[in-house]
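To start, the structure itself, in C-alpha cells.
The values are calculated or read from the model by the stated rules, or taken from the named source; none is laboratory data. Because the structure is predicted, anything quoted here is derived from the model rather than measured. Reconstructed Cβ throughout: ideal geometry from the backbone, glycine too, with neighbour counts over all protein chains shown.
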Amino acid sequence: MRKVILDLAVTLDGYIEGPNGEVDWCILDEDMDLQGFLAGIDTILYGRVSYEMWGNYQPDSNASETDKAIWAAVHSKNKIVFSSQGQQDSNATFISSGIPEKIAEMKQQNGKDIWLYGGAKLITTFIQYGLIDIYRISMHPTVLGAGKPLFQELKGRIDLNLTGLNRFKSGVVQLIYEAKSKV
C-alpha cells in the first residue's frame, strides 16, 4: 500500500516559515538526495496557498542544473490540490471535500508513495485525521523566534517510531518517523 509522507523543513524552534512567510533559511545540500526522494513518489499533495506559490514554480535561467532537475522532477508528478475554493488548473486536480476518503482511495491505488507538501492548514488536517504514515522532518540550524509552527491545533498526542536519522554537511538533521497510532 502507498504511504503518505510528510517531508518538510522546520527550524530548530519548530517553524515551517517565518512571520512573513519567509523560507530563506531552508538549506538544500546535495547530500540530502532530494532527487532520490522524488524518484520514490508519484503524487504531491498541496494546499491552495502552497500550490499557488510553488505548484508551477520555475527556476530562473541562472539556477543550477541540480535545481532545474529537481523542479523538472517535481513538475512530472501528479499534483492534487485541496481547496475549498473552486479552482481549475490543467496541471493539477482540485479536491474540495472528503479528504480522508480520497486519501484512503489513493493509498489503495497502484503507484509510488505520496508526498504531503503542505501548507500548514493541510498538514494540520492530515494530522487530525491520522493520514500521515511517515514524518520526514529536516531540522534546520536556525531559530526564528516567530512564524508558522509545524504542529498547531492538535487534538491529541501523536506517537511515533524513529526509523531513520540523517545528518548533512550544512548542519541539517533529518528525522524520519513512522506513525505508531492515529490521532
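Some values worked out for this structure:
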item	result
Residue count for segment 143-177, restricted to those that are within 17 Å of the chain's Cα centre (by Cα) and surrounded by 15 or more Cβ atoms within 10 Å (Cβ to Cβ)	9
Criterion (at pLDDT below 85 and among the aliphatic types (A, V, I, L, M)) met by exactly one of L38, L28, L8	L28
Residue in segment 56-75 that is surrounded by 14 or more Cβ atoms within 10 Å (Cβ to Cβ), small (G, A, S) and more than 18 Å from A39 (Cβ to Cβ) present	no
Segment 1-23, residues that are under 15 Å from Y177 (Cβ atoms) and either of a type in the set (S, T, Y) or touching an Asp or Glu at 6+ places or on another chain (Cβ under 8 Å) (or both)	K3, V4, I5
Any hit, segment 66-77, residues being at pLDDT 90 or above and within 14 Å of G47 (Cβ to Cβ)	no
Qualifying residue in segment 105-116 (condition: in contact (Cβ under 8 Å) with a residue 60 or more places away in the chain and under 21 Å from W25 (Cα atoms))	yes
Selection status of D89, outside any strand (DSSP E or B), over 22 Å from Y129 (Cα atoms), modelled with pLDDT under 85 and within 19 Å of the chain's Cα centre (by Cα)	no
Scan of segment 1-33 for residues that are farther than 19 Å from G119 by Cα and buried (at least 17 other Cβ atoms within 10 Å of the Cβ), ordered by number	R2, M32
Residue in segment 95-142 that is surrounded by the most Cβ atoms within 10 Å (Cβ to Cβ), counting only those that are outside any strand (DSSP E or B) and small (G, A, S)	G119
